[in-house]
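Following: one structure in structure tokens, then a few remarks.
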Amino acid sequence: RICAVAMHRNDWVEEADLRIDQFEAAQFGNLYATIKRMVLSGQSANPATLQISMKDAASFTELQSLYNETSPGTKKAFLSLSKAIQDASGRRELKRAIQDALALVTDTSESPLTLLAQVEELVRGVDAGSGSKMLTLRDHALGVAKAIGDPTKRGLMTGWDALDKRLGGFMPGNLIVIAGRPGGGKSSFGLNLARIWGQNGFAGHVASYEMG
């Protein structure tokens with residue numbers, strides 16, 4: 001159904017963020033991948049143009065029937081359907097990882113510690129459906145270090161050059177903890193951040209547990 005809706009509403013395709021391998025049925029994965037490729041290249045993806053573009057040449061009658069029998073509905077329903085496909089793909093991957101882990105534990109004489117590391121590696125390799133695999137703290141730390149050195153990935157700057165150079169700015173979704181001994185200037189620093197960002201057109205809220 002999602003392929004049919006995508007043919008009706010090409011403008012929704014990019015927001016769904018689906019990959020060909022997330023479809024259980026290969027023919028629908030191939031069809032959706034072709035639709036997405038055409039849309040991203042600025043072409044119109046409809047039964048007529050798809051029949052020409054698809055390598056496995058689905059018949060025009062089949063595509064037209066799929067198109068005619070489906071109402072596009074709402075974007076919310078389309079994205080919900082996309083999420084359901086991602087979740088189902090994630091469950092299949094997790095099931096395969098568990099089966100592989102069980103076979104690993106059953107068919108080896110390795111020590112439990114070695115097996116634990118191997119099983120952890122299997123589980124970490126699972127794509128939970130979003131395209132993102134499980135990461136360790138080390139993975140995250142290396143990612144942050146790499147981002148700091150990338151001039152194209154800059155967050156909200158503090159105005160303190162030395163700090164901005166080390167952090168690369170505050171990024172969306174970050175929880176920044178300012179820690180230090182009493183009287184070290186933590187509150188003043190936080191208020192200065194609010195002042196600087198306010199002067200640059202950003203809205204914010206300052207609350208203190210010391211307030212009545």
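Since every read-out is calculated from the coordinates, none of them should be taken as a lab result. Not measured: the values here are computed from a predicted model. Using ideal geometry, Cβ is built from the backbone for each residue, glycine included, and neighbour counts are taken over all protein chains shown.
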Using all alpha carbons of segment 1-42, what is the percent of pairwise distances in each 10 Å bin, ordered from the shortest bin to the longest?
32, 61, 7
Top positive-direction residue, dipole computed over the chain with Cβ charges, set Pro47, Gly198, His8
Gly198
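How big is the charge dipole of segment 1-123 about its Cα centre, in debye rounded to the nearest 20, if each Lys and Arg gets +1 on its Cβ and each Asp and Glu gets -1 on its Cβ?
Working: 13 positive and 16 negative charges, 113 e Å.
So the magnitude is around 540 debye.
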Normalising by the residue count of the chain, find the relative contact order in percent from Cα pairs under 8 Å and 6+ residues apart.
14
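Give me Rg over Rh for segment 76-130, both radii from the alpha carbons and Rh done the Kirkwood way, two decimal places.
On the way: Rg = 14.9 Å, Rh = 12.4 Å.
Result: Rg/Rh = 1.20.
With a 10 Å radius around each residue's Cβ, average the other Cβ atoms per peptide and rank 173-184, 188-199, 32-43, highest first.
32-43, 188-199, 173-184
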Estimated distance in nm for a label pair at Ala162 and Glu120, the labels positioned 7 Å out from Cα along Cα-to-Cβ
3.7
Cα-only radius of gyration and Dmax that characterise the chain, units Å:
24.9, 76
On each of the three principal axes of the Cα atoms of segment 154-206, give max minus min coordinate, whole Å, ordered largest first.
30, 24, 21
Förster radius 22 Å - calculated FRET efficiency between Ile176 and Ala207 (Cβ-Cβ, nearest 0.05):
0.90
Put a dot 7 Å past each Cα toward the Cβ at Ser41 and Ser109; how far apart are the dots in nm?
5.7
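Under the 0.36 nm per residue contour assumption, what length would be gained going from the current alpha-carbon distance of Ala48 and Ile20 to full extension? Present the calculation step by step, with values, prior to reporting the outcome.
On the way: separation 28, 0.36 × 28 = 10.08 nm, distance 2.12 nm.
Here the segment from Ala48 to Ile20 would lengthen by 8.0 nm.
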